[in-house]
1. Touching a Gly at 6+ places or on another chain (Cβ under 8 Å), buried (at least 20 other Cβ atoms within 10 Å of the Cβ) and over 30 Å from Lys250 (Cβ atoms) - does that describe any residue in region 89-97?
2. Are there helices (runs of 4 or more DSSP H) fully within region 174-269 with at least 2 residues that are in contact with a Lys or Arg (Cβ under 8 Å, 6 or more places away or on another chain) and either open to solvent by 10 Å² or more (accessible area, probe 1.4 Å) or away from the ligand (no atom under 16 Å from the Cβ) (or both)? List them.
3. Got a number for residues in region 214-252 being touching a residue at least 24 places away in the same chain (Cβ under 8 Å) and under 19 Å from Ile272 (Cα atoms)?
4. Just the residues that are part of a strand (DSSP E or B) and of a type in the set (Gly, Ala, Ser), please, taken from region 83-120.
5. Being under 21 Å from Val150 (Cα atoms) and touching a residue at least 24 places away in the same chain (Cβ under 8 Å) is the filter here, so list the residues in region 275-300 that pass it.
6. For region 1-59, which positions are among the polar types (S, T, N, Q) and in a strand (DSSP E or B)?
7. For region 253-274, name all the residues that are without any contact (Cβ under 8 Å) to a residue 60 or more places away in the chain and of a type in the set (Val, Ile, Thr).
Amino acid sequence: MSYTLVLTRSQAGEIISKYQSYSVSHTNNYTLFRAKYKSASLTIFKTLKMLIQGTGSEELFKEICEMFDLDSNIESKKSHYQINLSIIGTDEVGTGDFFGPIVVVGAFVPKNQISSLMKLGVKDSKQLNDVKIMEIAPIIMKEVKYSALVLDNVKYNYLTRVCNFNMNKIKALLHNNVIYNILQKVDSYDEIIIDAFTTQNKYFDYIKDQKQIIENVKLEEKGENKYISIAVASIIARYIFLREMEKLSKDVGFDLPKGAGNKVDLAIIKVIKEKTERYLDLIGKTNFKNVEKAKKKDMH
Ligand code: MN
């Protein structure tokens with residue numbers, strides 16, 4: 001059995017000083033440190049990846065996990081999540097849906113909470129159906145620290161039409177604000193990561209006029225697959241979005257479809273007929289092409 005773990009610089013330093021007296025020489029250019037301890041061999045590469053091999057590997061891996069308050073039950077090989085860091089992750093929902101608000105959530109998952117969340121079935125919200133989201137989100141929301149922002153349709157339509165903001169600018173402002181909010185609840189963390197929707201440079205350009213700019217933020221592609229806190233944020237955001245859609249559907253008198261496809265066009269025609277066109281501003285993102293498409297369909 002072998003174990004791997006990507007270490008932080010300070011963790012690597014701690015391990016090296018603890019196992020210094022067991023160190024063995026190495027000639028490999030890629031290796032930072034090697035030790036033989038009981039019947040296990042420990043290697044730390046210059047990339048800060050740690051590899052533990054040999055019959056005593058399990059025991060040594062557990063010892064090291066204890067040093068850093070990590071849950072040794074999660075074998076990092078079986079998990080695609082980064083298990084070694086306490087991360088604040090953010091994600092958004094509703095940006096591809098004509099109806100309903102945009103919801104941005106920031107969630108904090110300390111490293112010792114990762115395995116219990118994995119047992120709950122946390123995954124990227126796109127891989128979970130709505131029934132599963134409704135089931136696990138309320139449990140998760142009790143267990144983790146999070147912060148949510150809901151941008152309703154009236155505000156969205158104002159920002160796009162009057163202020164001329166594009167979708168990415170709106171996302172960037174919301175992410176920056178939600179990070180500011182969750183930082184008020186979290187004492188210590190390793191990193192803040194946004195599930196990337198734009199580049200790092202453009203993100204900071206979008207928020208440059210803001211009073212509070214959180215600087216130590218990274219945007220990472222496919223973040224929901226790497227960081228459980230982003231997966232958690234996406235589940236909570238989806239849950240809040242679904243609840244908001246239920247409310248809007250109740251107000252309008254029929255189930256509003258998600259997405260931006262043909263069903264949405266038909267629903268727009270129905271809203272205009274049963275309510276008014278202005279009513280769309282209360283429930284939909286009226287700068288989407290769906291409105292024009294729906295009007296054309298209705299004429300045929
Ligand atoms: Mn995302």
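1. For region 89-97, residues touching a Gly at 6+ places or on another chain (Cβ under 8 Å), buried (at least 20 other Cβ atoms within 10 Å of the Cβ) and over 30 Å from Lys250 (Cβ atoms): present.
2. By residue number, 200-206, 228-252.
3. Count: 4.
4. Gly89, Gly106, Ala107
5. Residues satisfying the conditions are Tyr279, Asp281, Leu282, Ile283, Gly284, Lys285, Thr286, Asn287, Phe288.
6. Thr4, Ser23, Thr31, Ser41, Thr43, Gln53
7. Matches in region 253-274: Ile269, Val271, Ile272.
The values are calculated or read from the model by the stated rules, or taken from the named source; none is laboratory data. All of these numbers come straight from a predicted model, not from anything done at the bench. Don't worry about glycine lacking a Cβ; one is built from the backbone with ideal geometry, like all the others, and counts go over all protein chains shown. Quick note on the areas: whole protein, heavy atoms, side chains included, nothing else; ligands and nucleic acids left out. Shrake-Rupley method; radii C 1.70, N 1.55, O 1.52, S 1.80 Å.
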